[in-house]
Amino acid sequence: MKKTSYYLLGAAALVTCCSISAAYAAKKTIDRNNTPKTVFLPSASAPSAEIKTVAYSAGALQLVDLTDAAERTVHAVVHIKSTINGRTQVVQEMPDLFDYMFGMPPRRRQYQTEPQTGYGSGVILSADGYIVTNNHVIEGADVVEVTLNDGRIYTASVVGTDSDTDLALIRIEGNDFPFIKMGNSDNLKLGEWVLAVGNPFNLTSSVTAGVVSAKSRKIGIYGNGSIESFIQTDAAINMGNSGGALVDASGELVGINSALESPTGTYAGYGFAIPTVIVAKVVSDLKEFGTVQRALLGIQGRDVASLRQMPENKDKDFGTVDGVYVTDVADGGGAKAAGISSGDVIVAVNGKKLKTMAELQETVTRYRPGDNVNVTYIRDKKEKTVKVELKNSRGNTEIVQKADMQILGASFQEVPESVRRSLNLGYGVQVNEVGKGLIRDAGIQRGFIILKINNNQIRSVEDIERVYDDASKSQDQVLFISGVYSNGRRANFAIGLSED
C-alpha cells in the first residue's frame, strides 16, 4: 500500500513538472514570436456551426471578429440589373426545291427579339456614386439599374469599360453613399481570411467567408491580350456575385469577384477575384480618360516552370527555376529598345520578383505608357538589369483618348425592310445623315449600308462603336469599310483615325 502511494505521488509530480515545462515552453514560443497566430475554436454548444478566430499575441488572447467587416461592407455592395432592349432581326430561310426550279430569291423572315436581362453586383467606391463592376455584367446594356442595400433604385451611366481586365466603371447621381475603402491586395497572404459580398442568384446582401487559396492565378477564361492575375479563394462565389466585393478582415476592398471554376456552373470549391492593384489603376484611368492607358513591356513569354515540365526541356538549363521566358520581342516596343531578346528570362520588375507571366502582367498593369521600369533578366546564366520605357499598343507614349464617334460626323439607323429585301441583305447598318467629319471626308454618302468594318460584320450601331473603339487603340488606327448603296453599287472606303 505504501509502495503504491509512492508511485502515485511520483506520477503526480511528473505530470506537474511536464505541465510547468509545457507552459514555460509555450510562453517562450509566444514571447519569441509577436506575430498573431490564427486558430479555430469550435463552440462547445455548436461545434460545427460556429467558428471564432482567436489571435495569440505576446502572452495575450485577442478575439478577431468578421461580423464588423461584413456589416460595414454589405451596405456598399449594390445589385445591378442590366437590360438589352429587343431588336429587329432578319433571318434567311433555307431555299427549297421550288425556289431553285423557278429562280425565286431566298425567303427572309423578320422578327423582334425579346429584351435580355442580366444580373450582377457592384461596389460603391466613393460617396459621390462611382461604382466598379465587371464588364461582362453590363456589356451591351441599354439600361443599367442599380439597387442599394436599403432598397433605393437608380439608373446608372457608364463611365467607361475595359474588356481586357473585365472591369467597368458606372455612376449613380447623388451624394453621401456608403462606400468601401480600397485596400492593397499585395498585402494579402495565403490562408488569410476574406469575405465575398454580393448578390448570388439574386439573393441580395449575401456574405460568404473563406481564405486566400492562391494569388496571381491565370485560368484562361478571357481572350488573347487579356490580363488575368486572380486572387483565388474558397469563399463561395456563384452566379450574381460577379462585380461584388472581396474584402479582408478589416473590411477593406482587396478584390472584385469575377469568376468561378466549376463543372456545373455553380460554386464547387474556388472563386476568383481581380486584385485591387489592377482595379485601382483601371478605375483611375476610366475616371480621368474614359479609357485605360495600358502600358506594355513589348514581349511575349511563357512560364519557366511550365517549360521545365516538357520532356524536350528536361536537360535545358534556364538559369532559374522561375520567371518568364521571352519567346518574342515586339518591334518598336520598350523591351527591344532596352536590349531584351528572345531566350532571356525575366525574373523581376522594379525589384519585385516574378515567377509567372500572370505576375508580370499584374505588375506592368500598374503603370502607364511613358513610365520607366527596371527589368531584371537572366541571359547565359548571368543576371542583368535594364531600364525599359513602357509604351502603349500604338508603340508610343501618347495618351489614348476615348473613342469619340462624333468625329465620324454621321448618324446611323437600321436598314429599311424594303431595302433589305431588294438587296437580299442579312445584316448591315445604314448611314442616315452625313455632316462634317471623317465619313464625308472619305466620300461616303447618305444611304450607304455598312456591311463590314475591319472584316467584322456590322449588325448594329453598337457593332460600329465596338470596332471603332478597337481601331482607335490599335497601332494602325484605320477603318476599312465595305458596303453597298441602295441601288446595288458596292463600295469600299478607308478612314484613318490618326490625328496626324
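The values are calculated or read from the model by the stated rules, or taken from the named source; none is laboratory data. None of these values were measured; they are calculated from a predicted model. So basically every Cβ, Gly included, is an ideal-geometry build from the backbone, and we count neighbours across all protein chains shown.
The table below gives the values:
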| item | result |
| --- | --- |
| Residue identified as modelled with pLDDT under 95 and not assigned by TED's automatic domain parsing to the domain that holds V279 among I399, I340, I346 | I399 |
| Number of the condition not met by G160 [criteria: (1) under 30 Å from D303 (Cβ atoms); (2) within 15 Å of the chain's Cα centre (by Cα); (3) outside any helix (DSSP H, G or I)] | (1) |
| Odd one out for S422, checked against (1) part of a helix (DSSP H, G or I); (2) surrounded by 16 or more Cβ atoms within 10 Å (Cβ to Cβ) | (2) |
| T365 vs. criteria under 24 Å from the mean Cα position of the chain (by Cα) and surrounded by 15 or more Cβ atoms within 10 Å (Cβ to Cβ) | yes |
| From G269, G243, G265, G251, residue being surrounded by 23 or more Cβ atoms within 10 Å (Cβ to Cβ) and either over 27 Å from R368 (Cβ atoms) or in the same structural domain as H79 (by TED's automatic domain parsing) (or both) | G243 |
| Yes/no for S185 being modelled with pLDDT of 95 or more and of a type in the set (G, A, S) | yes |
